[in-house]
Amino acid sequence: MIKLTKILVPTDFSKGSERAYSVAQSIADTFGGTIDFIHIIPTLKYFHESMKKLAVPLDMNKDVYPKVVEESEATIEKLMKQFLKDKNRGKNFIKIERKPSEAIAQFAEKNGYDLIVMGAKGQDETKMFRGSVTERVIRKSRVPVFSIGDRFDINNVKNVVMTTDSSELSLAAFPLTAALADSFNAHVTLFHVIELYGSVSEDIPRQPGKGEMISIYEAIIERINTFLSKQSIENMHIQRTGVTYEDEIVISDGDESRSIPLFTKIEKGVSAHYEIENYALEEADVLIMATHGHSGFAHLILGSTAEKVAQYVKKPVITVRPGEEDFK
């Protein structure tokens, strides 16, 4: 089963960052573990060089950064005491780095975090729903990223939506989807778009006597069970109910088991990201997607559909990067 016992919360002390604190605590309430905070102080490279040219007797490393670090430590400790329970409160980290997004992504991977929880926007303002730092963390992180907007109610999560283009890469988000739905006591909806101008599901054989959508639906369910088996996730599988588009995720815990309602929604549309945004806006409480599907250049960029959705959808988004072995 997916574990979420080591959570990293980046903060720039803004109201946007603050939205992530209670969500991280709620996840810790379910999974246990610790929550660490990290604050990145951007290096003032050009300001530093300007001071040198003007012969101003100011040393950034000696006169400025130590004071900023000291103030940041006091602020971050106060926030952690205010928003986190004692049993879940971990460490705080203050880093001075040139690129905050890269620093956050690399720190999370290097230190074995299970999840990054951060506000969709911090101090940076853009026309996109997610600010530039959050968007870059999503793009670069190998650790799942949960980005929180201002309209998320952690206590009212009923529908966890996972997108899939039916490729194996897109299924990498399923174990985390099931784990979070289990913790939120929510149901899961698999959302697939048949693009009018061609999509990967065209490769799915059409079964005799069954239409296009039924064939795709049954293939997705079968592929998820195959994926779980290949990943050696033995305590989770999808159980068919006999009702089309309505199944169950069964999670075993020793001799006991519990089930999560699973629905599959298939739509036809001009573009996947447009249909996903519209559906998520109306139906999703949380949207989860793999950062790469059949169209993503695995080691170079975020998959085009995931990138557009992550930038503009006005709902909490969790992005999951497939493991290196999945790209082979």
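Bear in mind that the values in this text are calculations on the coordinates, not laboratory data. Just so it is clear, the model here is predicted, and its values are computed rather than measured.
A cut-off of 5 Å between modelled amide H atoms, ignoring neighbours fewer than 5 places along the same chain, links residue 12 with 17. Segment residue 132..residue 99, full-extension length gain: 10.7 nm, with 0.36 nm per residue of separation and the alpha-carbon distance subtracted. Any idea how far the Cα center of region 220-262 sits from the one of region 9-32, in Å? That distance is 30 Å. When the listed pairs 99/308; 140/315; 87/308; 3/308; 85/308; 210/315 are checked against a 30 Å cut-off, the alpha-carbon distance exceeds it for 87/308; 85/308; 210/315. In order along region 268-275, the phi-based Karplus estimate (6.51 cos²θ - 1.76 cosθ + 1.60, θ = phi - 60°) of 3J(HN,Hα) comes to 9, x, 5, 9, 5, 5, 5, 5 Hz; Gly and Pro are listed as x.
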